[in-house]
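Undergrad: I'd like to ask you about the structure that follows.
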Protein chains: 2
Amino acid sequence: MEQIKNYINKNRDRFLEELFDLIRIPSISAFADRREDMYKAAASLSESLFAAGADRAEVLETKGLPVVFGEKMTDPSLPTILVYGHYDVQPAEPLDQWKSPPFEPEIREEKIFARGADDDKGQLYMHVKALELMEKTGKLACNVKFMIEGEEEIGSPSLKDFCRMNKDLLRADIILISDTTMIAQDTPSITVGLRGLSYLEVELTGPNRDLHSGLYGGAVGNPANILAKMIASLTDENNRVTIPGFYDDVREVTAEERAQMARAPFNLDAYKKALDIEEVMGEKGYSTGERTGIRPSLDVNGIWSGYTGEGAKTILPSKAHAKISMRLVPDQDSEKVDELFTSRFKNIAPRCVKVQVKSLYGGQGYVTPIDFPAYRAAARAIEQSFGKKPIPVRSGGSIPIVSDFEEVLGIKSILMGFGLDSDAIHSPNENFPLYNFFKGIETIPLFYRYFTEEMS
Amino acid sequence: MEQIKNYINKNRDRFLEELFDLIRIPSISAFADRREDMYKAAASLSESLFAAGADRAEVLETKGLPVVFGEKMTDPSLPTILVYGHYDVQPAEPLDQWKSPPFEPEIREEKIFARGADDDKGQLYMHVKALELMEKTGKLACNVKFMIEGEEEIGSPSLKDFCRMNKDLLRADIILISDTTMIAQDTPSITVGLRGLSYLEVELTGPNRDLHSGLYGGAVGNPANILAKMIASLTDENNRVTIPGFYDDVREVTAEERAQMARAPFNLDAYKKALDIEEVMGEKGYSTGERTGIRPSLDVNGIWSGYTGEGAKTILPSKAHAKISMRLVPDQDSEKVDELFTSRFKNIAPRCVKVQVKSLYGGQGYVTPIDFPAYRAAARAIEQSFGKKPIPVRSGGSIPIVSDFEEVLGIKSILMGFGLDSDAIHSPNENFPLYNFFKGIETIPLFYRYFTEEMS
């Protein structure tokens, strides 16, 4: 333990400089014109893995953006840990809300501010540096592989196929992922549940051109008004989704489990204050934690129609669009929900508009067991480094590929995340506390050690 | 009549070239950075008026954008016609839907395609060229004044004050305006009613930043979902506006008047086909003509929130915005409607969002008598040039300043418009048929003659 801390302290600045170099590459998978940066980020990670001591580090093609693969095989008789992460990031828009440039990391208040500082460059780089540390200090207790993809933020469209075609290469005993949060620095936790996702885009077309709102207003169906009505009707006054069949497969959580979840520390006033809202809003009959942990949701992620510029333009728009996503819980199926949504949305449209619905991406939810070696190893490692036993929690987020890993590779995942909810991932001013970054690097070698013990 | 036609035929190409020069100046009043172009357009018009034979032509400052004033006083004992028009145009967005550049006029299918081709550069320039024609052929039957403003498309915020301060300068017997449509080239009509307007912008603020829709979705009120619900609730299942008090001042039109209106030719199938819609949609119990002519309406002119770019971004947006306008009928008051809307909109907002409502512009509706000299003169002039007696119709559009003219200057207006509904004003590919442009120039001198007769 002392040796781990010493190594981190001695190399602190270099670790940060290396991470910053990775962050400076704007590897935004949603933007087709960032393809060059995607390859640049992949190559840079591959080099970092090799430099950290991997025997093998390479950039592998997929049908989409490449996967960085690395491995360090110590002894075939020892367990193998497969680290999964992603080098792609969310778009940084709206740019004007950033206090410092999103792709030029800046340290303020002991936090790294940048797009990807946490999600997932910061979190995955902890693993690269933990490998270096274990290698340099002779502490690598088992075998390790890395699979770092470039399409997580757009729903990992190529990774399932990549896994199918590389089952041997990816053989491992556990998949270790740091792409989630813990409750607080003094309240460590381990994510044991993830929500699934259905993300769709809808387009309504009314008249074949924008019309003068005086000459036509009141006589021709306005796609923007109609879209508002259609979206409004997707949820009821109790904030329940009204799509027929939507709740059919939702696994109800027992009263006992709910009582256990309710013991996780949560301060509603602090939560509201942090978001500057007067009231929370969600499905009737559930707490805030339950609303994101065990219940599905429906959110408009974006909506646009008509004139959105300066001043007034008196038009009745021809088209209206929205991006709408649903977070799903076990055992909702993302493809089934896509279908339920699409059929409902088309059904409720009045005849004066044409409707298009396109599924942008999706994935299943996941629940990790807490009575298996990887959970026990993670809990022991975190207890030792943070000084407190972690709490198992269900997160509202989604890492759709996790359920695919189990299906295709037959390997379970452990979500040992070091982010905080306040890290503003996907938002302007994303950040990652230095404390969490270095605590992560300190915890990972402990996980390797305890996992190997648990498996022996 | 022959002399008028001859003069037009001889000068056809020059008339168009001059109009095109005016159109090429992108005088978009909604855009603050177009100030220089506004002055350029004003100066160009002032020169054109002087060249056409005005004794006096000048650009007069207002508290906003300048007014072009011109006059040709023939004989103080003769009647005076005050021509009103506007040199500002609507923004051309969305630019990608234009078949030719909006500020580079192009003639296709015997129509001028450009922003402002009809509204109102094309229509007002007919008056400039009619003045030249009357001057050059010795046919000017009375006195004429021009008042051409640069803020019509943003609600004429300075013109009422300008009128108050220039009552003497603007003294006239009638205000002549060409900024409306007729039913068809073979079905001329005169607009005898205009709707009023209340145009507002709303902003909802939920959490203080865009949130990750997985970590927060279902637990925090989403301003985009909430805005959809709020907009949806502004109209009911019969497409009536639900704002309390909204219909209180609506002047009901008698069954007899409605029967008369129903005689105006209207082909619903052709209307739907022209717009490529399967069904029209509007207030229950009223025809399409009535829905725009004698009934108020509520339209979303623009809506925007969250991520609207390429691909998927899983955020719960911090803010949601909409531009919402209502067309009003006599005797609804625009300011009162602004207040009713604002108070309703704030009332229906849930506590988890903050609401801002801003009035962008407005104006009162107007109904012209059909038993006064200007209407009779316009009807005679149109009958002579088009070969058919025009039909009086109520338009759904708004020219808010018309009711102000009557209030401040004590002068009535006659709306002798030569546009067509198919001119796509305010839309991409705005156009103005050459036939209408030249017929307008032919009709205006006849109006001058008959108006002078009617007044003598």
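Each reported figure results from applying straightforward, stated rules to the coordinates on display, with no laboratory input. Here the structure is a predicted model, which means the values were calculated and not measured. When we count neighbours, we look across all protein chains shown, and the Cβ atoms used for this are built from the backbone with ideal geometry, even at glycine.
Undergrad: Placing the label point 7 Å from Cα along the Cα-to-Cβ direction, what are the distances from A:Glu110 to the equivalent spots in the other copies, shortest first, in nm to one decimal?
TA: Result for A:Glu110, in nm, nearest copy first: 8.0.
Undergrad: Turning to a different aspect of this structure: Step through the residues of the stretch B:43-58 one at a time and calculate ³J(HN,Hα) from phi using the Karplus curve (6.51 cos²θ - 1.76 cosθ + 1.60, θ = phi - 60°), rounding each to whole Hz and writing x for Gly and Pro.
TA: 4, 4, 5, 4, 4, 4, 5, 5, 4, 6, x, 5, 6, 9, 8, 8
Undergrad: Against the longest alpha carbon principal axis of chain B, how many degrees, from 0 to 90 and to the nearest 10, is the axis of helix B:373-386 turned?
TA: 80 degrees
Undergrad: Here is a follow-up. Treat every Asp and Glu Cβ in chain B as -1 and every Lys and Arg Cβ as +1, leave all other atoms uncharged, and give the resulting dipole magnitude about the Cα centre to the nearest 20 debye.
TA: 500 debye
Undergrad: How big is the gap, in Å, between the Cα center of the stretch A:83-127 and the Cα center of the stretch B:185-206?
TA: Going from one Cα centre to the other spans 47 Å.
Undergrad: Moving to a separate point now. Can you pull out the trypsin sites (Lys or Arg not before Pro) in the stretch A:1-89 that DSSP calls coil and that have at most 13 other Cβ atoms within 10 Å?
TA: A:Lys63
Undergrad: For the residue pair B:Met73 and A:Lys167, what label-to-label distance in nm results when each label sits 7 Å from Cα along the Cα-to-beta-carbon direction?
TA: Roughly 9.9 nm, to one decimal.
Undergrad: Under a plain spin-label model, where a point goes 7 Å from the Cα along Cα-to-Cβ, how far apart in nm are B:Arg14 and B:Gln356?
TA: My value for the distance between the label points is 5.3 nm.
Undergrad: Evaluate the distance, in nm, between pseudo-label points positioned 7 Å from the Cα of A:Ala270 and of B:Lys273 along their respective Cα→Cβ axes.
TA: For A:Ala270 paired with B:Lys273, the spin-label model returns 6.9 nm.
Undergrad: Report, in whole Å, the centroid distance computed from the Cα atoms of the stretch A:16-59 and the stretch B:421-456.
TA: One Cα centre to the other: 65 Å.
Undergrad: Which of B:Asn208, B:Ala219, B:Ala320 sits farthest toward the positive end of the charge dipole of the stretch B:207-327, with +1 on the Cβ of Lys and Arg and -1 on the Cβ of Asp and Glu?
TA: B:Asn208
Undergrad: Also, I was wondering about something else. Can you tell me how much longer the chain between B:Leu95 and B:Gln260 gets when fully stretched, taken as 0.36 nm per residue apart minus their C-alpha distance, in nm with one decimal?
TA: Extra length from B:Leu95 to B:Gln260 when fully extended: 55.3 nm.
Undergrad: A further question follows. Farthest toward the dipole's positive end in chain B, which of B:Ala274, B:Ala184, B:Phe432, given Cβ charges of +1 (Lys, Arg) and -1 (Asp, Glu) about the Cα centre?
TA: Result: B:Ala274.
Undergrad: Something else: In nm to one decimal, list the spacings between the A:Ala255 label point and its equivalents in the other copies, with label points set 7 Å along Cα to Cβ, shortest first.
TA: Those label-point separations list as 6.5 nm.
Undergrad: Given the Cα-Cα distance of B:Asn347 and B:Phe31 and 0.36 nm per residue of separation, how much length would full extension add, in nm?
TA: Value of the extension gain: 110.5 nm.
Undergrad: Which FRET efficiency value, to the nearest 0.05, do you get for B:Ile107 and B:Arg56 by plugging their Cβ-Cβ distance into 1/(1 + (r/R0)^6) with R0 = 30 Å?
TA: 0.35
Undergrad: Just list whichever of A:Lys412/B:Lys313; B:Lys229/B:Lys319; A:Lys5/A:Lys388; A:Lys63/A:Lys346 have alpha carbons separated by over 23 Å in the model shown.
TA: Violating the 23 Å limit, Cα to Cα: A:Lys412/B:Lys313; A:Lys63/A:Lys346.
Undergrad: Can you list, shortest first in nanometers, how far B:Asn238 lies from the same residue in the other copies, with each label 7 Å from Cα toward Cβ?
TA: Spelled out, the distances from B:Asn238's label point are 3.1 nm.
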